[in-house]
Structure formats: C-alpha cells, structure tokens
Amino acid sequence: MQPVSIAIDASGVEFKHYQSGVFSATDCGMSQNHAVTVVGYGTTEDGTKYWLLKNQWGESWGENGYMKILRDAGDPIGVCGLARYACYPTGGNYDLEQWSFLITSPC
C-alpha cells in the first residue's frame, strides 16, 4: 500500500478533539474541508477494521498525530466522507520540461 491523500470533513467537535481508539463519528458532515493522508490500515483485537490517517495538526493531536478511523463503515463514502476524494501518485515517464511551471511556481 502507498500513501493516499484524501479529503475529509474535519469540522466536527469529535474529530477536532480525537485522542485515541477507532474513530466512528456521530457529528461529521460531508463538506470535505481538510486533507489528510491514509498511511495504512489494520484490525483491532476485537475485530474492528480501521484506516490509519496521518494528520498535519502535530503530534499533540490524536495518537501522536495519527488517527484510526472506522473502515467498512457500511456507507460507500466512509466516515466523514473519507472515500469521496482520493489522490495518489502514479508512476510515469514524463518530460520534466513540459512540467517546469510546477517546479518554478511559488506555493
């Protein structure tokens, strides 16, 4: 598995104050207002499946900057809309001269 960037609704109080465990929000919407990176997945000892997300809010948020969020939640768009928009790198043979604007433009 490779890292995947996703858009998620992070406006809910539960998301903002997540500390540990598998997150299965009751207060998130679908506004896709925050980007995080899916870096893995797993299953808890009791059989709960989760995605492992890396957030950019620092190590004081969540589990040292990470969140376990419910996987296979029964909704095709996932908890907080996590499955709506995903982006991942693909390999390719690109001519860098054609993409020079990406290298020189300010971020």
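The values are calculated or read from the model by the stated rules, or taken from the named source; none is laboratory data. From a predicted model like this one, the values you see are computed outputs, not experimental measurements. For neighbour counting, all protein chains shown are included, and Cβ atoms are generated from backbone atoms with ideal geometry for every residue, glycine included.
Being more than 20 Å from ASP72 (Cβ to Cβ), part of a strand (DSSP E or B) and of a type outside the set (A, V, I, L, M) is the filter here; which residues of the stretch 1-35 pass it? Those that are more than 20 Å from ASP72 (Cβ to Cβ), part of a strand (DSSP E or B) and of a type outside the set (A, V, I, L, M): SER5, HIS34. A residue that is surrounded by 13 or more Cβ atoms within 10 Å (Cβ to Cβ), β-branched (Val, Ile, Thr), under 14 Å from ILE6 (Cα atoms) and modelled with pLDDT of 85 or more cannot be found anywhere in the stretch 45-53. Mind checking which residues of the stretch 1-16 are of a type in the set (D, E, K, R) and in contact (Cβ under 8 Å) with a residue 12 or more places away in the chain? Across the stretch 1-16, the qualifying residues are ASP9, GLU14. Close Cβ contacts (under 7 Å, 6 or more residues apart or on different chains) running from residues in the stretch 63-82 that are on the phi > 0 side of the Ramachandran plot and surrounded by 14 or more Cβ atoms within 10 Å (Cβ to Cβ) to residues that are among the hydrophobic types (A, V, I, L, M, F, W, C) and part of a helix (DSSP H, G or I) comprise CYS80/PHE15.
Identify the residue in the stretch 19-36 that is surrounded by fewer than 17 Cβ atoms within 10 Å (Cβ to Cβ) and of a type in the set (A, V, I, L, M, F, W, C) and, among all such residues, is nearest to ASN64 (Cα to Cα). Looking at residues that are surrounded by fewer than 17 Cβ atoms within 10 Å (Cβ to Cβ) and of a type in the set (A, V, I, L, M, F, W, C), I get ALA35. Among the residues of the stretch 36-57, write down those that are closer than 15 Å to PHE15 by Cβ and part of a loop (DSSP other than H, G, I, E, B). If the condition is that a residue be closer than 15 Å to PHE15 by Cβ and part of a loop (DSSP other than H, G, I, E, B), then ASN55, GLN56, TRP57 are the ones that fit.
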